[in-house]
Structure formats: structure tokens, C-alpha cells
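What follows is a set of notes on a single structure, which appears directly below.
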């Protein structure tokens, strides 16, 4: 991801939502005191509980998928963490599989024999 350089003098408060105005104020204060602002992005990590919640399944289901190797996780401090990208990959795979299973029946129900 490339770096972003902001000129605090070009940030207009009326064009920003409140959370971003707070951030802009922080940047302006730092600039006024001669400081540099560094913004970094890092991989978003989810717990098995968070993945289970988003998928609408029990946490033990996600733990089994991790153990089976269907869902990749990394141990951090003895606990499993799943990257957001891996969660999306797994979610897409599950949805694709569901479509493959129910697709023909749904098509027949909607459109009859063609």
C-alpha cells in the first residue's frame, strides 16, 4: 500500500464526517507543533469467535475447520487468529459450495423443467 501525504491546510472541516474531523484536528495540531504524522496499515485479524459470528455458525465449527485445514489460522499468543482476507476467501468458498448444492433445485423450482 503506498504512502499518503496530507497537507493539513487543504483539509476542510465542512466536507468531513465528525470522526474524520477529529482526526484532521489531530493532524493540524501535530503540524502546528512541528511534528510528523505516520499512518500505517496492518493486517486485520479476527478471532474464531468473530468469524463464527459473521458466518452464523458456532465457534466450534470454525475451530474444526481450522483443525481440518479448510480455514487457515495463525497462532498468536497461543490463540488462533484469522486474517480478514482468509475469512473472505473461506466465506466465498462456503457460499460458492452452497450455490452449487442448491442451485439446480432452485433453478428447477423457479423455472421448471427447461
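For the reader, a short list of remarks on this structure follows.
- Considering region 1-21, and only residues there that are surrounded by 11 or more Cβ atoms within 10 Å (Cβ to Cβ) and within 30 Å of residue 88 (Cβ to Cβ), the residue that is modelled with the lowest pLDDT turns out to be 6.
- For region 30-59, filtering for residues that are exposed (fewer than 10 other Cβ atoms within 10 Å of the Cβ) and within 18 Å of the chain's Cα centre (by Cα) leaves 4.
- Residue in region 106-113 that is outside any loop (DSSP other than H, G, I, E, B), under 19 Å from the mean Cα position of the chain (by Cα) and not assigned by TED's automatic domain parsing to the domain that holds residue 4 present: no
- For beta carbons closer than 8 Å, sequence separation of 6+ or different chains, a first residue in region 57-76 that is on the phi < 0 side of the Ramachandran plot and a second that is assigned to a loop (DSSP other than H, G, I, E, B) and surrounded by 12 or more Cβ atoms within 10 Å (Cβ to Cβ), the qualifying pairs are 62/71; 65/71; 66/72; 66/73.
- Residue ID - surrounded by the fewest Cβ atoms within 10 Å (Cβ to Cβ), chosen from residues in region 77-92 that are farther than 13 Å from residue 44 by Cα, without any contact (Cβ under 8 Å) to a residue 24 or more places away in the chain and within 16 Å of the chain's Cα centre (by Cα): 92
- Subset tally (residues that are farther than 23 Å from residue 5 by Cα and in contact with a strand residue (DSSP E or B) (Cβ under 9 Å, 6 or more places away or on another chain)) for region 30-52: 6
- Residue count for region 61-93 satisfying the condition of being closer than 12 Å to residue 48 by Cβ, assigned to a helix (DSSP H, G or I) and either in contact with a helix residue (DSSP H, G or I) (Cβ under 8 Å, 6 or more places away or on another chain) or outside the structural domain of residue 49 (by TED's automatic domain parsing) (or both): 7.
The values are calculated or read from the model by the stated rules, or taken from the named source; none is laboratory data. Because the structure is a prediction, the values reported are computed rather than measured. Here Cβ is always computed from backbone atoms with ideal geometry, including for glycine, and neighbour counts include all displayed protein chains.
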